[in-house]
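*Asks:* The structure follows.
The values are calculated or read from the model by the stated rules, or taken from the named source; none is laboratory data. Quick caveat, the model's predicted, so the values are computed rather than measured. Don't worry about glycine lacking a Cβ; one is built from the backbone with ideal geometry, like all the others, and counts go over all protein chains shown. Quick note on the areas: whole protein, heavy atoms, side chains included, nothing else; ligands and nucleic acids left out. Shrake-Rupley method; radii C 1.70, N 1.55, O 1.52, S 1.80 Å.
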Amino acid sequence: MVLSKCSGLLPGVALQKDNFRRLLRTVEALSDLGPAMTAEHDFSRAAHGMLSTLLEAGGAREAVLFTYTDRPSLLTSIASDGFALMPEPAIMPLLPRQVHALSSAHGPFALELGSHDMFLSANGNVAPDLFRCVVPLKVGGKLVGIVGLGRREGDAPYNSAELESLELLSHYVALAIHNHTLTQTLSQRVSENLRLLASLRGFYDNALEAFAAAIDVKHVNIHGHSLRVGRYAAAIGEAMSLDPSEVVALRSAGYLHDIGKVAVDKRLFGKPSSLDAEEFREMADHTIVGHQIVSGVQFPWPQVPEIVRWHHERGDGSGYPDGLEMEDLSLQVRIVALADTFDAMTSERPYRERLSLGGTLSEIVRLSPLKFDANAVQALMLQIRRDAVGSNRVPFLERGLESNIAAADIDHLAASLQHKITHGRHYLT
């Protein structure tokens with residue numbers, strides 16, 4: 001068969017070219033979904049971004065993204081676009097047969113006239129017949145949400161090309177929804193457990209010790225970290241002659257300072273090299289997640305939430321998450337920040353060996369008073385000196401980290417720090 005040069009592409013070739021363009025747009029959309037899936041700190045914006053991607057893939061004018069919970073069986077909207085009168089949130093309870101139908105569906109499907117009742121319920125605050133296409137979102141065969149798509153341009157039907165693009169994207173959106181739901185559920189459960197502890201004041205210390213051990217369970221290299229930070233912080237407070245109730249508050253806040261790490265991916269704790277920028281942001285967000293968790297608990301000590309949020313802040317404003325400076329940080333925050341740093345430096349990590357006690361103190365003194373509170377650092381060295389000369393009734397340092405630095409060397413470091421303070425000098429480091 002001879003083709004005329006002016007006839008253009010054969011219909012089949014043109015269709016393949018259109019499908020290739022659609023596939024290319026879908027692949028580009030997948031690259032955009034990567035950051036959206038990790039944007040847990042601003043999931044609402046991420047949800048709207050994912051919905052926009054799905055709208056384009058399906059060539060739709062209207063869409064709603066729902067999450068699914070099974071107790072009770074309920075769809076709840078988290079983002080919508082294009083619908084003129086869509087309630088916020090849109091709620092749609094589901095019957096067991098509808099849950100089964102959605103869970104059993106093999107990918108996205110167009111809704112035929114009269115088939116809405118098979119998959120969706122009319123008992124909520126949104127009419128099922130608004131939707132022309134449904135994209136079930138499943139992880140491991142379990143329903144985690146759906147996307148309901150409305151009309152297309154010119155009321156065109158949803159054909160196989162649109163359904164294929166939507167199916168490819170649906171797996172990534174489902175994972176993002178699932179990850180968000182897990183994090184929310186985990187945070188809620190942790191808050192519930194803490195509220196229970198708050199009602200049992202007499203059991204606080206032992207219970208919070210157990211909680212601290214559970215926080216560190218993800219990573220073998222930090223086992224005991226939260227317990228040590230709590231005890232170090234309390235001992236520093238005692239050396240600074242703080243009120244006994246403030247010392248108890250420091251111990252409890254130290255136990256809980258890393259509670260936000262329950263929402264951090266376990267793989268980051270064992271990485272044998274430095275975290276990249278995206279991984280560091282995910283790790284750093286544990287301060288914000290932790291603050292959200294403990295803010296819902298009425299502790300006897302009001303300082304706990306700010307300590308959990310700000311224990312990675314530094315006096316020169318170089319810390320996170322809020323870049324605060326020394327005058328913005330309470331003494332309790334400064335103490336826990338120092339205790340956390342001291343334990344981190346004297347503990348082994350996948351990417352480095354532990355630092356010696358002398359090397360750790362030298363580095364902390366070098367960074368003070370620029371980054372660390374000088375009075376807290378002096379109190380830390382006082383407790384270590386007491387260990388060195390055997391005058392501490394209860395040893396400050398953990399077994400295996402006994403003082404390998406002479407009292408005279410500690411005195412020299414303390415004098416060096418005092419010299420920096422009294423002369424009002426700030427050393428660039």
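*Asks:* In segment 71-127, carbon and sulfur make up what percent of the accessible area (probe 1.4 Å)?
*Replies:* 59 percent
*Asks:* If you don't mind, another one. Counting only protein heavy atoms, what percent of the accessible surface of segment 297-429 is carbon or sulfur at a 1.4 Å probe?
*Replies:* Of the solvent-accessible surface of segment 297-429, carbon and sulfur hold 49 percent.
*Asks:* Which order do the peptides 143-151, 323-331 come out in when sorted by mean C-beta neighbours inside 10 angstrom, highest first?
*Replies:* Descending packing order for the listed peptides: 143-151, 323-331.
*Asks:* Under a crude label model (7 Å from the Cα following the beta-carbon direction), how far is GLN298 from GLU153 in nanometres?
*Replies:* So the two model labels end up 5.8 nm from each other.
*Asks:* A follow-up question, please. How big is D for segment 111-172, in µm² s⁻¹ as a whole number, if Stokes-Einstein is applied with the Kirkwood radius of its Cα pairs at 20 °C and 1.002 mPa s?
*Replies:* 168 µm²/s
*Asks:* With the other protein chains left in place, how much accessible area per residue, in square angstrom, belongs to segment 44-144 at a 1.4 angstrom probe?
*Replies:* Result: 48 Å² of accessible area for each residue.
*Asks:* What share of all Cα pairs of segment 254-343, in percent, falls into each consecutive 10 Å distance bin?
*Replies:* Per 10 Å bin, starting at 0, the Cα pair percentages come out as 17, 48, 30, 5.
*Asks:* Positive end of the dipole of segment 274-429, charges at C-beta (+1 Lys, Arg; -1 Asp, Glu), about the Cα centre: which of PRO321, ALA337, SER368 has its Cα farthest in that direction?
*Replies:* Going by the charge dipole, the pick is SER368.
*Asks:* Can you give the local net charge around GLY124? Use residues other than it whose beta-carbon is closer than 15 angstrom to its beta-carbon, Lys and Arg +1, Asp and Glu -1.
*Replies:* Its environment carries a net charge of -3.
*Asks:* Taking only protein heavy atoms into account and a 1.4 Å probe, give the accessible area per residue of segment 283-370 in Å².
*Replies:* Value returned for segment 283-370: 37 Å² of accessible area per residue.
*Asks:* Given points 7 Å out from each Cα along the Cα-Cβ axis, report the ALA408 to ARG45 separation in nanometres with one decimal.
*Replies:* Computed distance between label sites ALA408 and ARG45 equals 5.8 nm.
*Asks:* Follow-up question, since we're still on this one. Rounding to the nearest 20 debye, state how big the charge dipole of segment 242-396 is about its Cα centre with +1 on each Lys and Arg Cβ and -1 on each Asp and Glu Cβ.
*Replies:* My answer is approximately 620 debye.
*Asks:* In nm, give the distance between the simple-model label positions of ASP117 and VAL139, each being 7 Å from the Cα along the Cα-to-Cβ direction.
*Replies:* That separation, rounded to one decimal, is 3.4 nm.
*Asks:* FRET efficiency for ALA110 and SER52, Cβ-Cβ distance as r, R0 = 22 Å, nearest 0.05?
*Replies:* 0.55
*Asks:* Can you send over the solvent-accessible area of HIS412, 1.4 Å probe, protein chains only, in Å² to the nearest 10?
*Replies:* We get 130 Å² for HIS412.
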